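The values are calculated or read from the model by the stated rules, or taken from the named source; none is laboratory data. All values reported here derive from a predicted model rather than from experimental measurement. Here Cβ is always computed from backbone atoms with ideal geometry, including for glycine, and neighbour counts include all displayed protein chains. The accessibility values were calculated without ligands, DNA or RNA, using every heavy atom of the protein model including side chains. Shrake-Rupley method; radii C 1.70, N 1.55, O 1.52, S 1.80 Å.
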Amino acid sequence: MTANILTAKQIAEGIRNSLKNKRGNFPKITLASCVMGDNEAVRSYCASQKKWADTLSVEYREIVMDSNTSEKEAIGIIEDLNNDASVNGIVLHKPFLEGWNEHLLFESVKREKDIEGLNPYNLGELFFGNPLFIPPTVLSVLELLKSISIDLYGKNVVIVGFSNILGKPLSIILADKFATVSITHIGTFEASKLPFYLRNADIIITAVGKPHLIKGQWIKDGAVVIDVGIAKLNNKITGDVEFKEALKHVSCITPVPGGVGALTVAFLFSNLFKAAGMQKR
Ligand code: NAD
């Protein structure tokens, strides 16, 4: 079987061009990016956001918090950004500083500026199919599935990883489209049941961050695989899936790098422009 490697660069460029066309509708757009401590992955994500901001003439305001910042002060900073009319969207980069309460921090981001879609209100609205913002990683996966015109109705979808940014919201959206969704995680792995679920999957979406966790031989012939995981193996960026082995079985697979990661920043900016549009009205 010849596998289709689903790269995202072209889709991301399409989104960038469409945002460029909309840019003239706004005198100024500002993204506030809150970094809590030093982390290589965050630095690299910020660099990519900064590049997008430059090409779209968006002001990129980076706010760095460190161990001298208390959780209360962080919430105060976020509230100032909420009240600053020149700020259109707010990003809180994880991981947070030790002991900080994730729920409290995401809750403090004003709904209308929550371009990551992680405020409990926005996540709750997902239940009703009407969130103001959907997390950019979720939008990326949905767009990649749309790009291969796959009919989700009745398909077995296995999601590996149950985080707020991907597994939880995506499972609701896919079940709403009448896919049969199984959510697997560390408990499934430790019970040695991952192969059992994956063998029956028409679509696998994985976001764990453990290189080569998903073995090629566990994948059903003809399956579609979307690999969200990013980790380093021998100094190389690698996904969760044993890519070369998987190619023998899949009909479509996203590479790492060049797959989901290339789209996430595009959808973050798409959400930012949506926020700017809503605030203008
Ligand atoms: P997280 O730590 O919040 O969640 C990880 C999930 O993996 C948990 O549900 C955990 O139970 C599960 N897990 C851990 N070990 C497992 C195992 N051995 N078998 C099965 N499940 C296991 O992480 P996150 O923030 O969701 O990020 C996950 C990965 O996705 C990371 O590599 C991150 O860098 C990547 N990521 C990529 C993008 C992108 O744009 N491509 C965006 C966000 C996150």
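Near the amide H of residue 63, within less than 5 Å, lie the amide hydrogens of 33, 34, 35, all on another chain or at least 5 residues away, with H placed in the peptide plane. Pairs exceeding 30 Å between alpha-carbon atoms, taken from 168/244; 9/72; 210/274; 20/244; 110/215: 9/72; 210/274; 20/244; 110/215.
Note on region 26-111: dipole from Cβ charges, positive end direction compared against 64, 104, 52; the farthest Cα belongs to 52. Ligands, DNA and RNA left out, the 1.4 Å accessible surface of the chain is 52% carbon and sulfur atoms. One chain, two ends: residue 121 and residue 189. Fully extended at 0.36 nm per residue, the span grows by 21.4 nm beyond their Cα-Cα distance. Of the residues 147, 192, 163, the one that moves most in a GNM of the chain with alpha-carbon contacts below 10 Å is 192. Backbone phi angles across region 177-192, fed through the Karplus curve with coefficients 6.51, -1.76 and 1.60 (θ = phi - 60°), yield HN-Hα couplings of 8, 6, 7, 8, 9, 10, 9, 10, 7, 4, x, 5, 4, 5, 8, 6 Hz in residue order; Gly and Pro are listed as x. Entry comment: accessible area of the chain is 49 Å² per residue, from protein heavy atoms only and a probe of 1.4 Å. Surface listing: 23, 281 arranged by accessible area from highest to lowest gives 281, 23, probe 1.4 Å.
Net charge dipole, region 26-111: roughly 400 debye, given to the nearest 20, about the Cα centre with Cβ charges of +1 for Lys and Arg and -1 for Asp and Glu. Derived scalar couplings between HN and Hα for region 98-104 equal 4, x, 6, 8, 4, 4, 4 Hz in order, rounded to whole Hz, by the Karplus curve 6.51 cos²θ - 1.76 cosθ + 1.60 (θ = phi - 60°), x for Gly and Pro. Report the calculated FRET efficiency for residue 274 and residue 68 (r = Cβ-Cβ distance, R0 = 41 Å), to the nearest 0.05. Efficiency computed from Cβ-Cβ geometry: 0.75.
Once both labels are positioned 7 Å from their Cα atoms along Cα-to-Cβ, the gap between residue 151 and residue 48 label points is 3.4 nm. When the chain is treated as a GNM with alpha-carbon contacts under 10 Å, the residue of 13, 40, 62 showing the greatest mean-square fluctuation is 40. Note on the chain: GNM, Cα springs under 10 Å; of 14, 117, 167, the largest mean-square fluctuation is that of 14.
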